[in-house]
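Note sheet for the following structure.
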Amino acid sequence: MKKQLKIPLAFVAAIALGYALTPKPEAPFTGHGNVDALSKVYERWKTAHEQQGNLEVLRVGLGFSRAQSRQFTAANGEAALNLLNGQLSVAVSGLSNQEQYDVWLLDNHKSGNLNDKAIKIGPLSAHEDKHLLTTQLDRDRLTGFTMDAVAIAKAGETPQTGGLLFGSPSLLQRLYYTERYWPAATVGSVTTEENARPAQAAFEFLLPKTAQAGVTASAATSPEQLTQLIATGQQLFTEQTFNGNGRTCATCHRPDNNHTIDPSYIAKLPKTDPLFVAETNPVLADLEKPALLRQFGLFVANVDGFDRPPVMRSSSHLLGIANTLTFEKTINPGYGNGEFTQDTDYFNAHDPEAQQSGTHTHAIGWSGDGAPDGGSLRDFAKGAIKQHLPKTLIRAENIDFRLPTEAELDALEAYMLSLGRSEEINLANMYFKSPLVQNGLLLFNTKNNPKLADGTVLFGTTGNCNGCHSNAGGISSTTNANPTRDTGVERMRDQLHHLADPNLAYDGGFGQTLQTDCGPNFNETCYSDGSLAPAGTTTRPAGHQGLNRFNTPSLIEAADTAPFFHNNSVTTLEETVAFYSSDAFNSSPGAFTSSKANRQGKLDSSQVIAVALFLRSINVLENIRSSNLLDQKAITLNGDQSVKTLKLAIADTQDAIDVLKEAVINPYPDALDKLQQALYYETQATNKLYPNRTTLMQNAINLKNQARSMIVSGG
């Protein structure tokens, strides 16, 4: 009989204790990035994309690139590749008929000589107001090549020496093709029914895929892989200088300040912060206007090209950006003031890749055309790096900065798409427990101006906000796309930054066509898209119908992202609401619809306060949602990562408190008390040695949930 091995209980206890004390594997740090948000954005896009049909066609928008184009052009267009038969179609509007142009495909994954990285496909032919190319690609010639980008260059020159238009597929397209096509090489629906199986894609090797080494196609969009992609993007966003002047993306889009920056935040920074590189490096003295940066939080932006006067713009926040990317298109390019038709002449609200030639892929930046290339969020970083991060103002690529790799662009786009809300709220399901706030909601949603029997419009009766800000977001209730409107902001008198520097150029917003009736006196030059407001849709002086169009931001995040508008010209939320009852707005094209319906603001002072309290309330609700999510994430993490995440949660909780306090009138004193208690618990939990950290964070979550229930029911 074998002897049984006796193990001392003390040894067993020691082993158990060792397992208990072994730290959990460190998870990727995503900061504010939320994998669930990115997954929802992707799944929503994929569903709508597949409903569009023609899945064998990969579409890429083409546009002027501030990072790569060798000269300015207002032309834009689209390239469409049929993956089954290799047919490539390119259509471009706005090119000169006096010159000739070639179409190129670019493989940005390759290194070495130009012949490996760029292949000339053929010339464009002029047809009336467009330049077109339809050709059959040679599979043998392109074997081993990946179509990372499409370029239009002057005939006889390469994209590097004569490139005019560029465009590349977005991250969502790349994820889709990674998941659907590689290595399975199939095109079509995700269905597994045999009769719905897609055909083989002969040109699938051209498809750009996400750079996730060793990942199978089926795992490319798994939560684990998307988390890693977001974490890489977060690190790039906050740490990568791209061989530039020391700035990063986060220099101007601070994660602990709602991914934006403002004068109050700037005042707290040391002089050595990279934000102030124009003050500390004489070579970059003209990179910014330091006085305006410090006073107003405004940055020099060469949105109309580096050979034209710059304008001054604020750093827009990036929260919930995935909800406002859909670019709105008009039937008539010369019309751009009000309601847009809901038909095939504007982008499908859920599938910005299903575009038509002649416009941008995404609505990016304050004028809706802020991204280079085809205008996608993916490419936003390229223009930002050349604008804000160069070592000298010569801005020579690979000398003063480097552009991101395809893998870095994947990660940066993933991070940005994962920030903030992944979907819109539903105001119809929300009832605010303060009658002041509930009245603000009703005013916000009121559409029509009541009139007396003699036709007089009643004042103090309507906000007319929901038309452009459906559910308080940045989407038009008519077109389900991001509106670009002239609301008179650039016509306001005595704008503070113009008083501080009278030599500043005026900002024409969307487009780069010279306009001569800008400014409050209609006598300044600026660059716009050349659109004119139709008669009857403005009360401006005769002959001054030129439009200065800017995109419509979401209002859910507005209260804690002051100052407001593209030029930080209004400092408080209440003043911003009041602007829509001002002469500047009520005489603007944005105050009327295409059918000349009156959408002028008519709020008296107490109603301005009510609408502002409503906007503050929904901002607090978003702060609570975001803060709780970060607390929950911090509970699952270890050590420094847990504390870093918890500090981001604290910033959101503090925002909620500040948003309520700054209103002066506080409709929710009990909720404010709960939020302050939650902040105390979160602050205590930053001590990673505290034995009850998890309990503290859970208590904070519970208190914030109680605060929410004191503010609103439903939603």
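The values are calculated or read from the model by the stated rules, or taken from the named source; none is laboratory data. Every value quoted in this text rests on a predicted model; they were computed, and no experiment measured them. Cβ coordinates were reconstructed from backbone atoms using ideal geometry, including for glycine residues, and neighbour counts include every protein chain displayed. Each accessible area value is taken on the protein alone, full model and side chains, heavy atoms only, with ligands, DNA and RNA left out. Shrake-Rupley method; radii C 1.70, N 1.55, O 1.52, S 1.80 Å.
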If Cys249, Cys518 are ordered by their accessible area, calculated over protein heavy atoms with a 1.4 Å probe, which sequence runs from highest to lowest? Cys249, Cys518
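Hey, what's the stretch 529-680 come to in accessible area per residue, 1.4 Å probe, Å²? Write down the numbers at each step before the final one.
On the way: 5260 Å² over 152 residues.
Each residue of the stretch 529-680 exposes 35 Å² on average to a 1.4 Å probe.
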Using +1 on the beta carbon of Lys and Arg, -1 on that of Asp and Glu, and nothing else charged, what's the dipole of the stretch 532-665 about the Cα centre, debye to 20? 520
Heavy atoms of Ser581 accessible to a 1.4 Å probe, total area in Å² rounded to 10: 40
Once the whole set of protein chains is in place, how much accessible area is left on Ile650, using a 1.4 Å probe, in Å² to the nearest 10? 30
Please give the FRET efficiency for Ile399 paired with Gln235, using the beta carbon to beta carbon distance and R0 = 30 Å, rounded to the nearest 0.05. 0.75
Which FRET efficiency value, to the nearest 0.05, do you get for Thr683 and Gln71 by plugging their Cβ-Cβ distance into 1/(1 + (r/R0)^6) with R0 = 45 Å? 0.25
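Rounded to the nearest whole Å², what accessible area per residue is found for the stretch 241-285 with the 1.4 Å probe? Show your work: numbers first, answer last.
Working: 1890 Å² over 45 residues.
Value returned for the stretch 241-285: 42 Å² of accessible area per residue.
Roughly how many percent of the accessible protein surface of the stretch 226-276 is carbon and sulfur, given a 1.4 Å probe and a whole-percent answer? Please report the intermediate quantities before stating the final value.
Working: 950 of 1950 Å².
Using a 1.4 Å probe with all protein chains present, the stretch 226-276 comes out at 49 percent carbon and sulfur.
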Calculate the FRET efficiency for Asp273 and Arg141 from the Cβ-Cβ distance with a Förster distance of 51 Å, rounded to the nearest 0.05. 0.50
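Assign one of three labels to the stretch 531-586, namely rounded, prolate or oblate, based on the Cα gyration tensor with a ≥ b ≥ c the square roots of its eigenvalues; rounded applies when a/c is under 1.5, prolate when it is not and a/b is larger than b/c, and oblate otherwise. Provide the component values of the computation, followed by the final result.
Details: a/c = 2.78, a/b = 2.08, b/c = 1.33.
Note, shape of the stretch 531-586 comes out prolate.
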Using a 7 Å offset from the Cα along the Cα-to-Cβ direction at both Lys647 and Ser709, what is the distance between the two label points in nm, to one decimal? 3.3
Accessible-area order (highest first, 1.4 angstrom probe) of the listed residues Met492, Met147: Met492, Met147
Is the C-alpha gyration tensor of the stretch 238-300 telling us rounded, prolate or oblate? Criteria: a/c under 1.5 is rounded; beyond that, a/b larger than b/c is prolate, otherwise oblate. oblate
Can you send over the carbon and sulfur percentage of the accessible area for the stretch 57-145, probe radius 1.4 Å, protein chains only? 41
Regression test value, accessible area per residue of the stretch 39-95, probe 1.4 Å, units Å², expected 34
Mind giving me the nanometre distance, one decimal, between the label points for Ala285 and Ala597, set 7 Å out from Cα along Cα→Cβ? 5.6
How much solvent-accessible surface does His497 expose, in Å² to the nearest 10, with a 1.4 Å probe and all protein chains in place? 10
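At a 1.4 Å probe, what is the % contribution of carbon and sulfur to the accessible area of the stretch 596-715?
C and S fraction of accessible area: 51 percent.
Can you tell me how much longer the chain between Asn429 and Asp640 gets when fully stretched, taken as 0.36 nm per residue apart minus their C-alpha distance, in nm with one decimal? Don't skip to the end; give the middle numbers.
Values: separation 211, 0.36 × 211 = 75.96 nm, distance 3.95 nm.
Result: 72.0 nm gained on full extension.
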